[in-house]
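Asker: To start, I am sharing the structure in question, which I have written as structure tokens.
The values are calculated or read from the model by the stated rules, or taken from the named source; none is laboratory data. Fair warning: this is a prediction, and the values are worked out from it, not measured in the lab. For neighbour counting, all protein chains shown are included, and Cβ atoms are generated from backbone atoms with ideal geometry for every residue, glycine included. Only protein heavy atoms, including side chains, enter the accessible area calculation; ligands, DNA and RNA are left aside. Shrake-Rupley method; radii C 1.70, N 1.55, O 1.52, S 1.80 Å.
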Amino acid sequence: MIVPFTHPRRRAALSLAVALSGVSALPAAAQDTRLAVDVSAGGSYSTNPFLIRGDAEGAVATELMISPQLTVVDERNEASLIAHYRRSDYLNRYNAAEGYGVQAQARRALTSTLSARADVSYESSIVGQSGLGVVGVVDPNPGPDLGTPDISLIGLNQRQNSLVASLGADWRFGPRDTLTGRASANRISYGGESGALLSSRTTGATLGYSRALSERTSVGFQGTGSWTDYDRRGFSGASYSPQGTLSHQIDQRLRFSLGLGAVFISSTTPLRTTKATGFSGTFDGCRTAGRSAQCVRAFSDAQATGLGDISRRYGGSFDYSYRLRENDVLRGMIDYSRLTATSDTLQVPQVGFLSGIVSYERSFTQRLFVGASAGYRQATGGGLGNPSDLTFRLFLRTRLGDRR
């Protein structure tokens, strides 16, 4: 039985209401409304679909993915609602597994110098389950990070439920000066017999300033803070990170942004409070040229885990796509992340996760696509072993509604 922090249907309904309120706030005169539903069905073989530590068996599975998308755009505003439902039925050993979620986004230009944005996301999935892969062209402008899976739980076959809400604004108060702010709230809970796992509530805030030195270059600074309270008494934590920032557009094809600073972590358990200091940084660089797109991203910060620790988090990824024809896309991605514990908990001192995938999707018509992917994953966790997984997948996808 899935037991999110309260009622997931209510939270999903809240996300829907937020999105619809953003949509309804747009002027009706020049709206462009797009509604589409992607349906994918296929089969896969995975040598260790849940990255279980110890003796794992390969399994064949049938898979179904349904993803409706609603977007409303005009000259100054954009609102979207994206949902997804995924089900994998394994033919041997493993029970069926489901994952589902909804994300609502709204962007609004309040004045010529002030814009606001809101994001709400609910996600329920089993940490460590083999994903469906990535298709389509790399997005050089991804949305905000609304929460990442807790890799310290990989191998436990544990369901994680997350609800994240954020509200931000950009204020251009001079020809070259911009002030940005963002506030967020995050609730993580666990389904089934969670045992030693701790549900948590995290609030965060970011305030930043940037100044344009030229049409292509801007510099600035930002400060970020987050505060976490766990449901079990005696566990809490916080992190603070000041950073200097730089963004530069090298040419029409290549741009990057960089943040460098420090992170200060305080992690409290019933035994003691531990403090840690380290490097904090972000890098985001993308190149688009003709049919290809590449992005490199890296980060060093802090993350609350389900075992009661505020851990150091490191990671990076490289994503590449090439459009062979208008709707035929080849894509490859490699991603690595690592968590290092800062306090005395049941968590392994250091855990890492490496994943890579190559996928190809070919169109028969503007609505019908067929694809294949191959992926590799490996988790590392000290004395708990290094479980790995190799997955092969074939799928058929159709798009109903708007083809764009």
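Asker: Among the residues of the stretch 111-137, write down those that are farther than 30 Å from VAL60 by Cβ, of a type outside the set (Ser, Thr, Tyr) and either free of Cβ contacts under 8 Å to residues at least 40 places away in the same chain or buried (at least 19 other Cβ atoms within 10 Å of the Cβ) (or both).
Answerer: Result: ALA118, ASP119, VAL120.
Residue-wise test of (1) in contact with a helix residue (DSSP H, G or I) (Cβ under 7 Å, 6 or more places away or on another chain); (2) open to solvent by 30 Å² or more (accessible area, probe 1.4 Å); (3) more than 25 Å from GLY375 (Cα to Cα).
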residue	(1), (2), (3)
LEU35	no, yes, yes
ASP38	no, no, no
ALA41	no, yes, no
SER44	no, no, no
THR47	no, yes, no
ARG53	yes, yes, no
MET65	no, yes, no
LEU70	no, yes, yes
ASN77	no, no, yes
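Asker: Of everything in the stretch 84-106, what is farther than 19 Å from PRO149 by Cβ and either buried (at least 18 other Cβ atoms within 10 Å of the Cβ) or touching a Pro at 6+ places or on another chain (Cβ under 8 Å) (or both)? Give them in sequence order. Working first, answer last.
Answerer: Initially, the stretch 84-106 is screened for residues farther than 19 Å from PRO149 by Cβ, giving 89-93, 95-96, 104-106.
Matches in the stretch 84-106: TYR90, ALA104, GLN105, ALA106.
Asker: Also, quick follow-up: Go through (1) within 26 Å of SER239 (Cα to Cα); (2) open to solvent by less than 20 Å² (accessible area, probe 1.4 Å) and name the single condition CYS286 misses.
Answerer: Exception for CYS286: condition (1).
Asker: Now a separate question. If a residue has to be among the charged types (D, E, K, R) and over 21 Å from ALA374 (Cβ atoms) to count, how many in the stretch 300-339 make the cut? Explain how you work it out, then say what you get.
Answerer: Narrowing the stretch 300-339 to residues among the charged types (D, E, K, R): 301, 309, 312-313, 319, 323, 325-326, 328, 331, 335, 338.
Now drop any that are not over 21 Å from ALA374 (Cβ atoms), which leaves 301, 309, 312-313, 325-326, 338.
So the count comes out to 7.
Asker: Further question: Looking only at the stretch 261-287, count how many residues are closer than 17 Å to PRO349 by Cα and not hydrophobic (A, V, I, L, M, F, W, C).
Answerer: 10
Asker: A follow-up question, please. Taking LEU260, is it within 22 Å of the chain's Cα centre (by Cα), open to solvent by 60 Å² or more (accessible area, probe 1.4 Å) and at pLDDT 95 or above?
Answerer: On the way: within 22 Å of the chain's Cα centre (by Cα): yes; open to solvent by 60 Å² or more (accessible area, probe 1.4 Å): yes; at pLDDT 95 or above: yes.
Taking the combined requirement at face value, the residue satisfies it.
Asker: Sort through ARG159, ARG117 and tell me the only one that's within 27 Å of SER317 (Cα to Cα) and modelled with pLDDT of 95 or more. Let's see the steps before the verdict.
Answerer: On the way: ARG159 fails: modelled with pLDDT of 95 or more.
Exactly one residue qualifies, and that residue is ARG117.
Asker: Among the residues of the stretch 203-218, what is the count of those that are within 26 Å of the chain's Cα centre (by Cα) and either open to solvent by 30 Å² or more (accessible area, probe 1.4 Å) or without any contact (Cβ under 8 Å) to a residue 12 or more places away in the chain (or both)?
Answerer: Step one: filter the stretch 203-218 for residues within 26 Å of the chain's Cα centre (by Cα), giving 203-210.
Pick out the ones that are also either open to solvent by 30 Å² or more (accessible area, probe 1.4 Å) or without any contact (Cβ under 8 Å) to a residue 12 or more places away in the chain (or both) and you get 203, 205-207, 209-210.
Residues that pass the stated criteria total 6.
Asker: Tally up the residues in the stretch 179-201 that are more than 15 Å from GLN160 (Cα to Cα) and among the β-branched types (Val, Ile, Thr), please.
Answerer: Looking only at that region, the number is 1.
Asker: Another question, then. Which strands (runs of 3 or more DSSP E) does the stretch 296-404 wholly contain that include 3 or more residues that are under 23 Å from GLY285 (Cβ atoms), touching a strand residue (DSSP E or B) at 6+ places or on another chain (Cβ under 8 Å) and open to solvent by less than 30 Å² (accessible area, probe 1.4 Å)? Write out each step before concluding.
Answerer: Working: elements: 310-323, 329-340, 350-363, 368-380, 388-401.
Once the strands (runs of 3 or more DSSP E) in the stretch 296-404 are filtered for at least 3 residues that are under 23 Å from GLY285 (Cβ atoms), touching a strand residue (DSSP E or B) at 6+ places or on another chain (Cβ under 8 Å) and open to solvent by less than 30 Å² (accessible area, probe 1.4 Å), what remains is 310-323, 329-340, 350-363.
Asker: OK, next. If LEU307 satisfies every condition in (1) closer than 16 Å to VAL138 by Cα; (2) in contact with a Leu (Cβ under 7 Å, 6 or more places away or on another chain) but one, which is the exception?
Answerer: Just one mismatch for LEU307, condition (1).
Asker: What's the number of the only condition in (1) in a strand (DSSP E or B); (2) out of contact with any Ser or Thr (no Cβ under 6 Å at 6 or more places or on another chain) that ALA56 fails to meet?
Answerer: Condition not satisfied by ALA56: (1).
Asker: How many residues does the stretch 292-351 contain that are of a type in the set (A, V, I, L, M, F, W, C) and within 23 Å of PHE279 (Cβ to Cβ)? Break it down into steps so the answer makes sense when it comes.
Answerer: Within the stretch 292-351, the subset of a type in the set (A, V, I, L, M, F, W, C) is 293, 295-296, 298-299, 302, 304, 307, 310, 318, 324, 329-330, 333-334, 339, 341, 346, 348, 351.
Filter once more, keeping what is within 23 Å of PHE279 (Cβ to Cβ): 295-296, 298-299, 302, 304, 310, 318, 334, 339, 341, 348, 351.
So the answer is 13.
Asker: Condition first: touching a Leu at 6+ places or on another chain (Cβ under 9 Å) and under 28 Å from THR340 (Cβ atoms). Now tell me which residues in the stretch 287-303 satisfy that. Walk me through how you get there before you give the answer.
Answerer: Of the residues in the stretch 287-303, the ones touching a Leu at 6+ places or on another chain (Cβ under 9 Å) are 287-289, 291, 303.
Passing the criteria: only GLN303.
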